[in-house]
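Here's the structure, in structure tokens; my notes come after.
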């Protein structure tokens, strides 16, 4: 600050992650964006929330402090699905855990308010975004109020927040007070009375007394996620109302290009002396787009980034790759070009009038929308151009691939297998039981089987030995032991090994979490089996790991409980299958 001649900050950002000046990290991106608009920005990365002097290091900011728990919900970051404490934190130096508090948004906000009396605090990031309404909390096993209420912050910005935070700063600089800014898109705040034409959700008192009211609240809120037609939402808390304004409009390509062209160093802060695992994973990767129209029940990406795909221009991506080749760690390999779903780059709705009023949570389930543009020419041309850039030896696509969409993208499929798979392709069928995939909002087993056959056929044609890494979830709502036995049999008969199982964790904001809490699908009204019993969850996990001898006792117990004699083949020696020659390495799966 002294070097820049600053006597005070305009905005102070507080993050639960280590500071990495890379566009994949929200704090760095917003900091660079505000700086580009002429604002004086300071960042406290993983500060000691118990030490007031640490928080006061850069003084009191003129406009507000902005708080985020980081790139993950802090409770997901700290605890496993079995509620055991994790021993590491990928977003901290040395992978050390314990450098951020539980419920970090609440703890940091309280600490900042203690350090700077009367300073407005704005909360955001994925933790605040997905907890903006009353939500079920798995770790407390109860309903919790909106995080805006519990944190006592003045304003919550949900979603990716670039547009919202720039508008907020502009209005404050023009003399408006925080209390006057009540209709900002992408924001939530407390009001005495909701405005007209607001969708009223069941109040918190109603939710506490009636679990099914939570499903009603989820359904009503899910109908107002389209930024082109959404109405504000309001939820009552005693004498006050939580007002959630409509989502921010999708960022256009030119603005997205401008954001990614900001002068990121793409490196951790020089004070760090230990590697940061999350940085090592993404430092040589490129984000080509945002958003996802898959609408999977267990995933909250759509609730945070939106359903509309927001793609950068090829020129912008080529410029970033060219810049990345000058990185000191670059050895000719780009580790990833993609987004939440790699093969959605450049896709969207062919009918703007339909898109403006669409309320469907997915463009792919239960079948692809006829208005969906699946043309893969843009993505194929982009990958071709990037492969030809000087100094680029290998260009990989490591982001997840939506295999049902890939079946409609023959040229992308060919290019992917020929040039961009490092021997292993990640796909996420999550289950192969039709009953379970219907609850998950995923394609059924016949689509996955067709994909496997085509993948293996094209690899043979290309003379390659490449394998599929399939991701599956155990303990998901709708999944019984009978269903998981069917899944295990499918895996064995198709020569697939799951090296690590994702145990379902109910995280705030997702449809699957609503089903877990209520036992009912809020969109169909149908009752759904929820595997809550620890023994059932253990047996489901063992069935997915059918090829491990340590699972056999649990598999025998599952077969005994269900009376499934046909599952005995799961205990036989492994059959010969080409896929099993390419044993995938152990992978740790990120937050979904």
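The values are calculated or read from the model by the stated rules, or taken from the named source; none is laboratory data. Model, not experiment: these values are computed from the prediction. Don't worry about glycine lacking a Cβ; one is built from the backbone with ideal geometry, like all the others, and counts go over all protein chains shown.
Would the range 202-210 turn up any residue that is more than 19 Å from residue 238 (Cα to Cα) and either modelled with pLDDT under 95 or touching a strand residue (DSSP E or B) at 6+ places or on another chain (Cβ under 8 Å) (or both)? No.
From the list 188, 261, 213, 196, the lone residue that is modelled with pLDDT under 95 and either in contact with a helix residue (DSSP H, G or I) (Cβ under 9 Å, 6 or more places away or on another chain) or farther than 29 Å from residue 513 by Cβ (or both) is 196. Does residue 383 satisfy the condition of being in a loop (DSSP other than H, G, I, E, B), in contact with a helix residue (DSSP H, G or I) (Cβ under 7 Å, 6 or more places away or on another chain) and at pLDDT 95 or above? Considered against the rule, which asks whether it is in a loop (DSSP other than H, G, I, E, B), in contact with a helix residue (DSSP H, G or I) (Cβ under 7 Å, 6 or more places away or on another chain) and at pLDDT 95 or above, residue 383 comes out as no. Restricting the range 272-307 to residues that are in a loop (DSSP other than H, G, I, E, B) and touching a strand residue (DSSP E or B) at 6+ places or on another chain (Cβ under 7 Å) leaves a set whose member that is surrounded by the most Cβ atoms within 10 Å (Cβ to Cβ) is 288. Looking only at residues in the range 398-419 that are under 14 Å from residue 455 (Cβ atoms) and touching a strand residue (DSSP E or B) at 6+ places or on another chain (Cβ under 6 Å), the one that is modelled with the lowest pLDDT is 401. Got at least one residue in the range 343-354 being closer than 16 Å to residue 418 by Cβ, in contact (Cβ under 8 Å) with a residue 40 or more places away in the chain and either touching a helix residue (DSSP H, G or I) at 6+ places or on another chain (Cβ under 9 Å) or in a loop (DSSP other than H, G, I, E, B) (or both)? Within the range 343-354, one or more residues are closer than 16 Å to residue 418 by Cβ, in contact (Cβ under 8 Å) with a residue 40 or more places away in the chain and either touching a helix residue (DSSP H, G or I) at 6+ places or on another chain (Cβ under 9 Å) or in a loop (DSSP other than H, G, I, E, B) (or both). Looking across the range 510-535, the residues that are farther than 16 Å from residue 219 by Cβ and either in a loop (DSSP other than H, G, I, E, B) or within 27 Å of the chain's Cα centre (by Cα) (or both) come down to 529, 530, 531, 532, 533, 534. Applying the criterion of at least 2 residues that are surrounded by fewer than 22 Cβ atoms within 10 Å (Cβ to Cβ) to the strands (runs of 3 or more DSSP E) found wholly in the range 74-172 leaves 142-144.
Quick check: is even one residue across the range 41-51 assigned by TED's automatic domain parsing to the domain that holds residue 115, out of contact with any helix residue (DSSP H, G or I) (no Cβ under 8 Å at 6 or more places or on another chain) and without any contact (Cβ under 8 Å) to a residue 12 or more places away in the chain? Within the range 41-51, one or more residues are assigned by TED's automatic domain parsing to the domain that holds residue 115, out of contact with any helix residue (DSSP H, G or I) (no Cβ under 8 Å at 6 or more places or on another chain) and without any contact (Cβ under 8 Å) to a residue 12 or more places away in the chain.
When residue 517 is tested against (1) at pLDDT below 95; (2) in contact with a strand residue (DSSP E or B) (Cβ under 6 Å, 6 or more places away or on another chain), exactly one condition is not met: (1). Based on this model, can you work out whether residue 194 counts as in contact (Cβ under 8 Å) with a residue 24 or more places away in the chain, surrounded by 17 or more Cβ atoms within 10 Å (Cβ to Cβ), farther than 18 Å from residue 158 by Cβ and more than 26 Å from the chain's Cα centre (by Cα)? For residue 194, the condition - in contact (Cβ under 8 Å) with a residue 24 or more places away in the chain, surrounded by 17 or more Cβ atoms within 10 Å (Cβ to Cβ), farther than 18 Å from residue 158 by Cβ and more than 26 Å from the chain's Cα centre (by Cα) - is not met. Taking the conditions (1) touching a strand residue (DSSP E or B) at 6+ places or on another chain (Cβ under 6 Å); (2) touching a residue at least 40 places away in the same chain (Cβ under 8 Å); (3) surrounded by 15 or more Cβ atoms within 10 Å (Cβ to Cβ) in turn, residue 387 satisfies each one other than (2). Looking across the range 1-40, the residues that are farther than 28 Å from residue 277 by Cα, in contact (Cβ under 8 Å) with a residue 60 or more places away in the chain and part of a loop (DSSP other than H, G, I, E, B) come down to 10, 37, 39.
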